[in-house]
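Below you'll find the structure, written out as structure tokens, and then a few comments.
The values are calculated or read from the model by the stated rules, or taken from the named source; none is laboratory data. Every value quoted in this text rests on a predicted model; they were computed, and no experiment measured them. Ideal geometry is used to build each Cβ from the backbone, glycine not excepted, and the neighbour counts take in all protein chains shown.
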Amino acid sequence: MNYNKKTVTDIDVKGKKVLCRCDFNVPQDKKTGAITDDKRIRAALPTLQYLLDQGAAVIACSHLGKPKGEVKPELSLAPVAKQLEELLGKSVIFASDVVGEDAKAKAAALQPGQIMLLENLRFEKGEEKNDPAFAKALADLAGADGVYVSDAFGTVHRAHASTAGVADYLPAVSGFLIQKELEIIGGALANLIERWARGSVTDYVYLPRAVIPFFRRIIWNAADLSVLTGCITAVIALLHEKL
Ligand code: 3PG
Ligand code: MG
């Protein structure tokens, strides 16, 4: 497995529009809609801040919940835009649609050093279907010399338009969050493989000895526990290979 992916530091973003896929799927209070944990918004800050500092115009986007292609006002990303604004200490322009007139006009007017957030990607049916026309419409927001940054760590396992399809239309690199999580997974997997090589499948204490430290490393270090799905898959694949 190759964990060395190109990142934002490998590409020139100055003066360019950068479509940055974040995972702002935050928990909200059922009654008030208030964000109850902004960990995922904080996790996106290093990449967003870096892009802004480099003179990019940032078009951030995310899903929230499972609106299944319908506009559900209670799943609007507007509260996330407010929280992001507070955390970044600068204004975040919010588009009231995803690839509609408002998003297009705001993206076209976006200047280097400015950031906007699109409305919930899953308000569009094309998102979960990885519809090429929708992926292209998203990419078009970044314009001809646009760049795509993948930093939605909790969502990269899904082949949706904003996580996969859009990379057919824009040069794509990963953000710092993806880079950090891949380093953690890579380190934990290398450790697991090393223990694996030393152990024997006939040793009844071998499996927990190899696998428990692996999961401990992931749980203690990873910013987002949805990484566990990927890790369980990797361990099953290794087990399958060994047995
Ligand atoms: C999550 O919270 O699991 C991620 O944001 C992905 O969301 P999803 O499970 O609705 O695709
Ligand atoms: Mg989920």
ask   = Out of all the residues in region 19-41, is one or more surrounded by fewer than 18 Cβ atoms within 10 Å (Cβ to Cβ), under 20 Å from K106 (Cα atoms) and not charged (D, E, K, R)?
value = no
Pair list, Cβ < 9 Å and 6+ apart or interchain, from region 21-35 residues that are under 27 Å from H157 (Cβ atoms) to residues that are away from ligand 2 (no atom under 16 Å from the Cβ) and of a type in the set (K, R) = I35/K82
Matching residues, region 121-141, being within 16 Å of ligand 2 (Cβ to nearest atom) and in contact with a strand residue (DSSP E or B) (Cβ under 7 Å, 6 or more places away or on another chain) = L121
task = Could you tell me whether V71 is at pLDDT 95 or above, of a type in the set (V, I, T) and surrounded by fewer than 16 Cβ atoms within 10 Å (Cβ to Cβ)?
result = yes
message = If A144 meets every condition in (1) in a helix (DSSP H, G or I); (2) more than 16 Å from ligand 2 (Cβ to nearest atom); (3) among the small types (G, A, S); (4) at pLDDT 60 or above apart from one, which number is that one?
response = (1)
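Would you mention how many residues in region 147-175 are assigned to a helix (DSSP H, G or I) and more than 16 Å from ligand 2 (Cβ to nearest atom)? I'd like the intermediate steps shown before the answer.
Start the filter on region 147-175 by keeping residues that are assigned to a helix (DSSP H, G or I), which leaves 153-155, 165-168.
Narrowing the set further to residues that are more than 16 Å from ligand 2 (Cβ to nearest atom) leaves 165-168.
So the count comes out to 4.
Identify all residues within region 135-158 that are small (G, A, S) and either more than 11 Å from ligand 1 (Cβ to nearest atom) or crowded, with 24+ Cβ neighbours inside 10 Å (or both); write none if there are none.
Of the residues in region 135-158, the ones small (G, A, S) are 135, 137, 139, 142-144, 146, 150, 152, 154.
Within region 135-158, A135, A137, A139, A142, G143, A144, G146, S150, A152 meet the criteria.
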When residues of region 161-171 are limited to those that are in contact (Cβ under 8 Å) with a residue 40 or more places away in the chain and either within 9 Å of ligand 1 (Cβ to nearest atom) or over 11 Å from the mean Cα position of the chain (by Cα) (or both), the one nearest to K136 (Cα to Cα) = V166
task = Please work out if A108 is modelled with pLDDT of 95 or more and surrounded by 16 or more Cβ atoms within 10 Å (Cβ to Cβ).
result = no
Test for A56: is it farther than 21 Å from V166 by Cα and touching a strand residue (DSSP E or B) at 6+ places or on another chain (Cβ under 8 Å) = no
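So, A60, is that one more than 22 Å from G154 (Cβ to Cβ) and either modelled with pLDDT of 95 or more or of a type in the set (A, V, I, L, M) (or both) or not? Before you say what the answer is, go through the steps one by one.
Working: more than 22 Å from G154 (Cβ to Cβ): no; either modelled with pLDDT of 95 or more or of a type in the set (A, V, I, L, M) (or both): yes.
So A60 does not fit the description; no.
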key: In region 1-45, the residues that are among the hydroxyl-bearing types (S, T, Y) and outside any loop (DSSP other than H, G, I, E, B)   = T7, T9
query = Are any of the residues in region 42-60 within 16 Å of ligand 1 (Cβ to nearest atom), under 20 Å from the mean Cα position of the chain (by Cα) and over 17 Å from F176 (Cα atoms)?
reply = no
ask   = Can you pull out the residues in region 16-40 that are within 16 Å of ligand 1 (Cβ to nearest atom) and under 30 Å from P171 (Cα atoms)?
value = C20, R21, C22, D23, F24, N25, V26, D38, K39, R40
